[in-house]
Amino acid sequence: MLDPPLPEVAFIGRSNVGKSSLLNALVGRRIAKTSATPGKTRALNVFLIDASHYLLDLPGYGYARAGKAQRAAYRGLVKHALVRERLRGVVWLLDMRHSPSVDDRAMQDVLVEGETHVLAALTKSDKLSQAERRTRERELRDDLGLPEDQILVTSAVTGEGIADLREAIAGLITAAA
Ligand SMILES: Nc1nc2c(ncn2[C@@H]2O[C@H](COP(=O)(O)OP(=O)(O)OP(=O)(O)O)[C@@H](O)[C@H]2O)c(=O)[nH]1
Ligand SMILES: [Mg+2]
């Protein structure tokens, strides 16, 4: 358990989806390391925010170039993160340009199974035109089957959705455990 014990929210998603970048955008500081090369985040990195909660940055899943042992280690990290005593929920990131991958589906099953509180962050909205963005948002909303307020369109580049995500995370943290 982290000291001091405080509510935790974990960032989960496939490698390169933008977990570390979104975390940085949320806190307005470059505290998590980011890279254009998948597999940048290699361990569980913990950030204490405003002395009130922790944000957990995790390695991504589905990183094809990682070795077998490394992938097993990443899976273990994520699995353990999900059962942490103080975990209040996860921000589950999906690249808005793509349909959920097999690994994303598997993660969704795990999240449903564990009754984990989920905020789905659709990332990199800046990479789409307005028309594409609307289409993809609708498709993903239909596809994911999550309540409307649990899906947020975000961009670490333009800042779209960041304030809403910050608010939603605050909601997770203050909700009765
Ligand atoms: N255009 C755009 N690029 C982004 C956005 N978020 C992240 N990126 C880029 O995507 C790449 C991966 O970002 P990271 O934040 O390192 O991704 P990650 O999910 O933490 O990756 P791993 O730690 O390897 O699992 C970097 O080149 C980022 O600059 C975004 O909102 N818009
Ligand atoms: Mg990362």
Next item on the list: Taking a cut-off of 18 Å between Cα atoms, list the lysines near residue 33, but don't count ones fewer than 8 places away on the same chain.
Entry: 19, 124
Checklist line | Prolate/oblate/rounded call for the stretch 1-95, Cα gyration tensor, a/c under 1.5 rounded | finding: oblate
Check: Roughly how many Å is it from the Cα centre of the stretch 120-177 to that of the stretch 45-92, as a whole number?
Finding: 20 Å
Check: Which whole-Hz ³J(HN,Hα) couplings does the stretch 8-15 yield from phi under the Karplus relation 6.51 cos²θ - 1.76 cosθ + 1.60, θ = phi - 60°, glycine and proline marked x?
Finding: 10, 10, 9, 9, 10, x, 5, 4
Next item on the list: With +1 on each Lys and Arg Cβ and -1 on each Asp and Glu Cβ, and nothing else charged, work out how big the dipole of the stretch 103-156 is about its Cα centre, in Debye to the nearest 20.
Entry: 380 debye
Note to self: Can I get the semi-axes of the chain's equivalent ellipsoid? Compute them from the C-alpha gyration tensor as square roots of 5 times the eigenvalues, in angstrom, largest first.
What the structure shows: 22, 19, 17
Next item on the list: Set Lys and Arg Cβ to +1 and Asp and Glu Cβ to -1, take the dipole of the chain about its Cα centre, and tell me which of 64, 82, 18 lies farthest positive.
Entry: 64
Note to self: How much of the DSSP bridge set in the chain is antiparallel, in percent, rounded to the nearest 5?
What the structure shows: 20 percent
Item checked: Computed helical MRE - 222 nm, the chain, DSSP H runs ≥ 4 contributing -39500 (n - 2.57), nearest 500 -> -11500 deg cm²/dmol
Notebook entry, point to check: Taking H as built 1.01 Å from N, whose amide H comes closer than 5 Å to the amide H of residue 94, not counting residues under 5 places away?
Noted result: 121, 122, 123
Checklist line | Vicinal HN-Hα couplings computed from phi for the stretch 45-59 (Karplus, 6.51 cos²θ - 1.76 cosθ + 1.60; Hz; Gly/Pro x) | finding: 9, 10, 10, 8, 10, 6, 6, 10, 7, 10, 10, 10, 9, 10, x
Checklist line | ³J(HN,Hα) computed for each position of the stretch 64-76 - Karplus, 6.51 cos²θ - 1.76 cosθ + 1.60, integer Hz, glycine/proline x | finding: 4, 7, 5, x, 4, 5, 5, 5, 5, 5, 4, 4, x
Note to self: Compute, for the chain, the length of the dipole vector about the Cα centre, with Cβ point charges of +1 (Lys, Arg) and -1 (Asp, Glu) only. Units Debye, rounded to 20.
What the structure shows: 900 debye
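Read the figures in this text as sums done on the coordinates, not as results from a lab. These numbers come from a predicted model, not from an experiment. No Cβ is skipped: glycine too gets one built from the backbone with ideal geometry, and neighbour counts run over all protein chains shown.
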